[in-house]
1. Taking into account only those residues within segment 143-161 that are crowded, with 20+ Cβ neighbours inside 10 Å and β-branched (V, I, T), which is nearest to A98 (Cα to Cα)?
2. With L194, L165, L140 as the choices, which residue is within 29 Å of D103 (Cα to Cα), among the aliphatic types (A, V, I, L, M), at pLDDT below 75 and surrounded by 15 or more Cβ atoms within 10 Å (Cβ to Cβ)?
3. Restricting segment 117-148 to residues that are more than 22 Å from L71 (Cβ to Cβ) and of a type in the set (F, W, Y), which is farthest from the chain's Cα centre (by Cα)?
4. Of all residues in segment 1-45, count the ones that are touching a strand residue (DSSP E or B) at 6+ places or on another chain (Cβ under 6 Å) and part of a loop (DSSP other than H, G, I, E, B).
5. Pairs under 8 Å by beta carbon, first residue in a helix (DSSP H, G or I) in segment 160-178, partner surrounded by fewer than 22 Cβ atoms within 10 Å (Cβ to Cβ) and of a type in the set (D, E), six or more apart or different chains?
6. Name, by its number, the condition in (1) buried (at least 16 other Cβ atoms within 10 Å of the Cβ); (2) over 16 Å from the mean Cα position of the chain (by Cα); (3) over 26 Å from Y151 (Cβ atoms) that does not hold for A35.
7. Taking the stated definitions as given, is V84 under 17 Å from the mean Cα position of the chain (by Cα) and free of Cβ contacts under 8 Å to residues at least 60 places away in the same chain?
8. Look through segment 52-81, keep the residues that are under 18 Å from the mean Cα position of the chain (by Cα) and assigned to a loop (DSSP other than H, G, I, E, B), and return whichever of them is surrounded by the most Cβ atoms within 10 Å (Cβ to Cβ).
Amino acid sequence: MTHRLDNRVAVVTGASSGIGRTIAERFLDEGAKVAVFARNAEALGDLAAKAPDRVLVVAGDVTVRADLERLVRETTGRFGGVDVVVPNAGVAKVVPFADSDEDAIQEQFSVNVVGALQTARLFLPSIRRNGSIVFITTFLVQVGFPGLAVYSASKAAISSATKTLAAELAPQGIRVNAVAPGPIATPIWSKVGLPEAALGQVAAQVTSRLLPGSFGAPGSIADAALFLASDQAANIYGQELVVDGGYTIG
């Protein structure tokens with residue numbers, strides 16, 4: 001490894017599985033100290049066992065302000081300042097627009113928008129100069145996909161916030177960027193609310209548009225997040241790096 005994050009402190013929410021876990025593992029491999037946050041404390045414990053001196057486990061929910069405040073308190077108490085914040089926790093549900101009542105909208109916006117923005121905001125006083133925030137959006141901000149109007153809208157809000165916050169926080173020495181994953185093989189795919197047969201049909205349709213001919217690996221998103229968090233991206237502000245296997249160019 002290149003140790004691009006030696007002596008840096010990173011925070012990753014939604015780190016118990018999928019993209020979040022892979023980002024946390026990649027950051028650890030690159031020398032970072034990492035605070036990992038998710039509701040599944042047992043899965044987070046597995047991460048801590050890999051590098052107990054460099055991992056802080058905090059269990060909680062990004063929709064609960066007290067949990068996020070505890071994450072900030074415990075992270076700064078253990079590691080001091082913070083260099084990288086990745087508000088990765090998210091939820092995706094396939095819900096026809098006709099069925100997207102207030103509860104359906106609130107469920108996804110509370111995690112994907114409020115949870116992500118509040119994670120970044122509460123850590124703001126602790127982010128050191130030359131630090132960065134890396135949001136996770138989605139390729140669906142650029143394309144339409146039936147049943148995902150609410151999810152896509154929630155991620156579009158974060159896409160917009162990435163640009164605005166990049167301009168607002170640059171004077172404080174904080175860079176803000178985002179990674180927009182395309183179809184990635186993670187557990188979230190099986191939790192979108194579709195029956196197994198329908199999942200297979202949708203997966204086949206999606207795969208037909210992917211230039212590599214298969215869903216991407218979580219490691220490709222971790223690589224992008226690592227790049228944006230590192231000094232190699234020191235002159236990159238307010239950008240959304242799309243990692244989608246070519247889906248959006250087809």
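1. V150
2. Of the residues listed, the single one that is within 29 Å of D103 (Cα to Cα), among the aliphatic types (A, V, I, L, M), at pLDDT below 75 and surrounded by 15 or more Cβ atoms within 10 Å (Cβ to Cβ) is L194.
3. Per the criteria, the residue is F145.
4. Going through segment 1-45 one residue at a time, the tally reaches 5.
5. From residues that are in a helix (DSSP H, G or I), the pairs are T162/E240.
6. (2)
7. So V84 does not fit the description; no.
8. V62
The values are calculated or read from the model by the stated rules, or taken from the named source; none is laboratory data. None of the values given here were measured: they were computed from a predicted structure. Neighbour counts are summed over all protein chains in view; Cβ atoms, including those assigned to glycine, are modelled from backbone coordinates with ideal geometry.
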